[in-house]
Amino acid sequence: MFIAVGRDSVEVQFGRARAACVGWADGQCYSAGPRGRGSRILTRGSVADSEQMVPMTVDSVAAGTADILAGWKPAEPYWVFAYGSLMWNPDFPFEEKREVRLHGYHRAFCIYSYHYRGRPGKPGLVLGLDRGGSCRGIGFRIHPADVAAVTEKLWRREMVSEVYEPRRVRVQSATGSMAAQTFVADPRHEQYAGKLPFEQMVAMIRDGRGVNGANVEYLANTVEHLLALGIDDGPLHRLMNVLVEKR
């Protein structure tokens, strides 16, 4: 992200998109989001990295939630597919959970982290759902009365930097397939790392450290919880084993 700060104006560039400050209020700059999802808000004179949270307006959250719910028929069960920390820390009410598999996407360290697990100039890596392969995870069935509130909570949780995008997918359980809501990595976003060479991932995770701590702790915590759930994720375990050997 590029930020040009003038005496009374700010111009912000996110990747190829540029947005001008449209007004000041309470020391903050309000600019139209380049992807049409509401305002970007920056404090005057501040310089943020591309992973800083994107403050959300009531209207933008409502619009995002409505877009997701437009693809759901109330007569159908509403499932949420979790592949990372949401599996062991859903933080929303649910009626049922099942182990499921998603085909067409896999769990991967495909997102650059410049703030939480890294810093500008020395980014870390965090998980996303990237295209190809398959992914074992947990499906949560939500009570119809809770669907709107849970969807809004998921939007606020997953869309803070817009590196993920909502997607309706089909997942397979032991009793059959069902539609589920999830969030996948957006390959158009500047934080999308894609498939990096293995040794590069090892070095970035080994050296990454941000406001939430060391990147290697994030990996270790993920692997520990996956094992507790009975999920053996070969690529993540290989990363962990190599990093343990290099200590």
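Throughout, read-outs are computed from the coordinates displayed, never taken from laboratory work. What you see is a predicted model, and the numbers here were worked out from it, not measured in a lab. Using ideal geometry, Cβ is built from the backbone for each residue, glycine included, and neighbour counts are taken over all protein chains shown.
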Self-check item: Extension gain (nm, one decimal) between LYS153 and ASN221, 0.36 nm per residue minus Cα-Cα
Solution: 22.2 nm
Self-check item: Relative contact order of the range 61-246, pairs being alpha-carbon contacts under 8 Å that are 6 or more residues apart, as %
Solution: 26
Practice problem: Taking a cut-off of 27 Å between Cα atoms, list the lysines near LYS122, but don't count ones fewer than 8 places away on the same chain. | Solution: LYS195, LYS246
Exercise. Report the local net charge at SER134: Lys and Arg +1, Asp and Glu -1, summed over other residues whose C-beta lies under 14 Å from its C-beta.
Key: +1
Practice problem: With a point put 7 Å past each Cα toward its Cβ, work out how far VAL211 is from GLU95 in nm, to one decimal. | Solution: 3.8
Quiz item: Tell me, what HN-Hα J-couplings in whole Hz come from the Karplus equation 6.51 cos²θ - 1.76 cosθ + 1.60 at θ = phi - 60° for each residue of the range 89-95, using x for Gly and Pro?
Solution: 9, x, 6, 8, x, 8, 9
Quiz prompt | Hull-based mean projected area of the range 61-246, where the convex hull spans the alpha carbons, in square nanometres | solution = 10.6
Quiz item: What list of ³J(HN,Hα) values in whole Hz, one per residue of the range 158-168 in order, does the Karplus curve 6.51 cos²θ - 1.76 cosθ + 1.60 (θ = phi - 60°) give from phi, with Gly and Pro shown as x?
Solution: 8, 9, 5, 10, 6, 7, 10, 9, x, 8, 8
Quiz prompt | Spin-label pair GLU245/GLU190, simplified geometry with 7 Å Cα→Cβ offset, distance in nm | solution = 3.7
